[in-house]
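Input: a single structure, listed below in structure tokens.
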Amino acid sequence: MVKNTAILTGEASSPLLFRHVSPGPGDSTLQFRFLHFWEARKNVKGRPGILLGIEMLMIDSEGTVAQGFIGQNRRNQYKKELKRGRIYTLTNYYASNSKVMYHVADQRLVICISHASELREVEEDIEAILTERFRIHSFADFEANCDLRGDLHDVVGHLKLVDGHPLHQRPVFGPVINVYLWDEAAENFRVKFDACADTPTVLLVTTVNPKRLGGLCLSSMSSSRVFLDEEVDPTKEYLTWLTMNPGATSSVNPVEVVKAETLTISEIAAFIKREPAKVAYFDCIATIDDVKLGTEWYYIACKDCQTKLNRGPTTLLCPKCGNENATAVTK
């Protein structure tokens, strides 16, 4: 007796697009380009933040950008596999509603990697999937979202120093927005700025938080990235427009904006010692508890060796002891 075997043929199903993802567990395959990742931390005043996991930014073949999340317990398993710009497939995931504060994508669901997830890198590059996508908004949009802790948009503009002197002789067009870069975004800007053969003119910063501190200010977040001049299409287009329309610009006089906040000496010390290092200025208010009379002059001395101290950027330096954080006494 001959046993017949039926063979079924057909094409594999297409990957699921981000806009078709539903809340809850999903076993369909997602295919996307991995754009960016950053650490998610819970801030604790006066102490280092508590690491919650890794936030991700991904884009599919339709150009939809979505946010992803890897919990702390699976962080070490996946962090080494993630490479910016590469294509990945993800099977078995969990989609949850995004948090209310600080959206970084239009898609309102977060793709979470679970214990059953399979993340695989695709060897060939798929040109149909964009390499970047930005959400650039106008001054009016930033002003409307000021202090609301809502969506974090991207901003592109002409660089100008805070003292009013332009980096190039071309002036800035439109209203002035002060941009403050912190932590990794500040370091990234400095590295790129120093590596430029010519002084850069155009700056693009992603996912910035609009605040009102004596005027509209944009502060970088953990998710922020920095691009200069001809790195990406928006900066190329802005640089071309700026060159071809010099008559449409007007001079501006930016001013430095200072945020007043009361801190204790221990909180200031913790801020200075925290990694990565930050640059900041403090106005210290002290109460005089003793005045030494009967002397014609005084100096600030090292408590250990009585040598006159030198003033450093943020501390007092002892030239004899070599102590870079010397304790001072009046002599």
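The values are calculated or read from the model by the stated rules, or taken from the named source; none is laboratory data. Everything quoted here is computed from the prediction, not taken from an experiment. So basically every Cβ, Gly included, is an ideal-geometry build from the backbone, and we count neighbours across all protein chains shown. Remember, those area values only see protein heavy atoms, side chains included, never the ligands or the DNA or RNA. Shrake-Rupley method; radii C 1.70, N 1.55, O 1.52, S 1.80 Å.
Scanning segment 76-113 for residues that are modelled with pLDDT under 90, under 20 Å from Leu17 (Cβ atoms) and not in a loop (DSSP other than H, G, I, E, B) gives a single hit, His103.
Restricting the first member to segment 210-227 and to residues that are among the hydrophobic types (A, V, I, L, M, F, W, C), and the second to residues that are open to solvent by less than 50 Å² (accessible area, probe 1.4 Å) and in a loop (DSSP other than H, G, I, E, B), the beta-carbon pairs closer than 6 Å and six or more apart or on different chains are Leu213/Val257; Leu216/Ile177; Cys217/Val257; Leu218/Ile177.
Mind checking which pairs have a first residue in segment 94-116 that is under 23 Å from Asn209 (Cβ atoms) and a second that is open to solvent by 40 Å² or more (accessible area, probe 1.4 Å) and assigned to a loop (DSSP other than H, G, I, E, B), Cβ under 6 Å, 6 or more apart or different chains? Every condition considered, the pairs that remain are Ser98/Arg108; Met101/Arg149. Given the criteria modelled with pLDDT under 85 and among the polar types (S, T, N, Q), does Asn178 qualify? The answer is yes for Asn178.
Taken across segment 4-18, residues that are at pLDDT below 90, small (Gly, Ala, Ser) and touching a Gly at 6+ places or on another chain (Cβ under 7 Å) do not occur at all.
Of the numbered criteria (1) open to solvent by 60 Å² or more (accessible area, probe 1.4 Å); (2) on the phi > 0 side of the Ramachandran plot, the one Gly63 fails is (1). Note on segment 283-331: among residues that are in a loop (DSSP other than H, G, I, E, B) and hydroxyl-bearing (Ser, Thr, Tyr), the one that is farthest from the chain's Cα centre (by Cα) is Thr295.
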